[in-house]
Amino acid sequence: YYVVFSRYTDQVRYFELTGCRYREVEPRDQRLWLPEAGLGVGLWFGSYQSIERQWLRFYDARGAWIPTYEERGELRAEQERQRAEQERQRAEQERQRAEQEQQRAEQEQQRAEQEHERAERLAAQLRALGIEPE
């Protein structure tokens with residue numbers, strides 16, 4: 001394959017080697033899939049190195065543009081932010097779980113104390129009736 005892109009006119013031309021000659025290929029959407037390379041090349045409009053314009057860019061088998069070095073850095077930073085947020089949420093959930101567990105333990109302690117007091121009252125009532133509990 002041979003690709004010619006003019007940054008002055010934003011025109012792209014694609015050529016494919018057939019036998020000993022290149023013949024021009026005219027894809028319908030200004031993108032050409034290169035099966036031997038497992039990727040495609042096409043026109044993309046966007047900002048690269050702070051310049052917004054048409055660019056010649058590679059894309060993958062799903063049709064997604066392959067990220068530039070700058071975009072990979074931004075993607076990694078975003079993934080890191082997401083991981084940090086997930087970790088913060090996990091820590092908050094763990095804190096809430098620990099708080100709930102503490103409340104359950106306090107409630108169990110109160111229930112045990114109430115049960116002990118009830119047992120003491122019943123024992124006192126039995127003694128008042130002349131019955132020794134146990």
Item to check | residue 1 accessible area, 1.4 Å probe, all protein chains in place, Å² to nearest 10 | outcome: 90
Item to check | Accessible-area composition of the chain, carbon plus sulfur, in percent [1.4 Å probe] | outcome: 49
Checklist outcome for this item: Taking only C-alpha positions in the range 28-104, Rg and Dmax in angstrom work out to 21.4, 67
Item to check | Cα gyration tensor, the chain - rounded (a/c under 1.5), prolate or oblate | outcome: prolate
Checklist entry - Once phi is turned into ³J(HN,Hα) by the Karplus curve 6.51 cos²θ - 1.76 cosθ + 1.60 with θ = phi - 60°, what whole-Hz value does each residue of the range 58-68 show in order, with x for glycine and proline? => result 8, 9, 9, 4, 7, x, 7, 5, 6, x, 6
Checklist entry - What residues qualify as long-range amide H neighbours of residue 55, i.e. H under 5 Å apart, gap of 5 or more or another chain, H built at 1.01 Å from N? => result 44, 45, 46
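Is the C-alpha gyration tensor of the range 71-134 telling us rounded, prolate or oblate? Criteria: a/c under 1.5 is rounded; beyond that, a/b larger than b/c is prolate, otherwise oblate. Don't skip to the end; give the middle numbers.
Numbers: a/c = 16.47, a/b = 10.28, b/c = 1.60.
Here the range 71-134 falls in the prolate category.
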Next on the checklist: Can you give me the long-range amide H partners of residue 25? Hydrogens built in the peptide plane at 1.01 Å from N, cutoff under 5 Å, separation of 5 or more residues or another chain.
Outcome noted: 14, 15, 16
Item to check | Distance from the range 1-29 to the range 61-132 (C-alpha centre basis), Å | outcome: 62
Item to check | Shape of the range 2-66, Cα gyration tensor, a/c cut at 1.5 | outcome: oblate
Checklist outcome for this item: The helix 69-128 Cα axis meets the longest alpha-carbon principal axis of the chain at an angle in degrees, between 0 and 90 and rounded to 10, of 10
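The values are calculated or read from the model by the stated rules, or taken from the named source; none is laboratory data. Predicted, not measured: the structure shown is a model, and the values here were computed from it. Keep in mind that these areas ignore ligands, DNA and RNA; they rest on the heavy atoms of the full protein, side chains included. Shrake-Rupley method; radii C 1.70, N 1.55, O 1.52, S 1.80 Å.
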